[in-house]
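The values are calculated or read from the model by the stated rules, or taken from the named source; none is laboratory data. Since the structure is predicted, the reported quantities are computational estimates derived from the model, not experimental observations. Cβ coordinates were reconstructed from backbone atoms using ideal geometry, including for glycine residues, and neighbour counts include every protein chain displayed. Heavy atoms of the whole protein, side chains included, go into the accessibility calculation; ligands, DNA and RNA do not. Shrake-Rupley method; radii C 1.70, N 1.55, O 1.52, S 1.80 Å.
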Amino acid sequence: MSQRKQTGTQTKEWEDVLVAEDEQFPFSLIVWNDEVNTFDWVIQSLMEVCSHTQEQAEQCALIIHHNGKYAVKQGEFTKLRPLCDALLDRGISATLEEAIAH
């Protein structure tokens, strides 16, 4: 019986951890398409600023080009803000948006 109680407690703790993790990641870093920056520059910037792999950066660049924008990274505001600023410093249009809760 004490083992069942422990299992219930662990389940509750896991639920609390999952909820806390969801609350920490309510923002998206959005990169917008423009007529100024080249694919190569956007790809290089995503790799250097957002730590994307070459393949991830290329896929993001294509999506940005075809859809007009794309959420290239998600996370806490305080962690995404410096990335957004770094992209803006490189002349890339970027914004932070609150992610839609599911």
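Brief remarks on what is shown
- Yes/no for ILE43 being open to solvent by less than 50 Å² (accessible area, probe 1.4 Å) and without any contact (Cβ under 8 Å) to a residue 24 or more places away in the chain: yes
- Of the residues in the range 79-88, none is in contact with a Phe, Trp or Tyr (Cβ under 6 Å, 6 or more places away or on another chain), part of a strand (DSSP E or B), at pLDDT 95 or above and open to solvent by less than 70 Å² (accessible area, probe 1.4 Å).
- All of (1) of a type in the set (Phe, Trp, Tyr); (2) over 17 Å from GLY75 (Cβ atoms); (3) modelled with pLDDT of 95 or more hold for TRP14 with one exception: (3).
- Sub-8 Å Cβ pairs linking a first residue in the range 73-92 that is over 25 Å from GLU35 (Cα atoms) to a second residue that is open to solvent by 70 Å² or more (accessible area, probe 1.4 Å) and of a type outside the set (Phe, Trp, Tyr), at least 6 apart or interchain, are GLY75/GLN24; GLU76/GLN24, ordered by first then second residue.
- Qualifying residue in the range 18-39 (condition: modelled with pLDDT of 95 or more and part of a helix (DSSP H, G or I)): yes
- Qualifying residue in the range 63-70 (condition: over 18 Å from LEU96 (Cα atoms) and either loosely packed, with under 15 Cβ neighbours inside 10 Å or modelled with pLDDT under 95 (or both)): yes
- Within the range 93-102, considering residues that are outside any strand (DSSP E or B) and in contact (Cβ under 8 Å) with a residue 60 or more places away in the chain, the one most open to solvent (accessible area, probe 1.4 Å): ALA101
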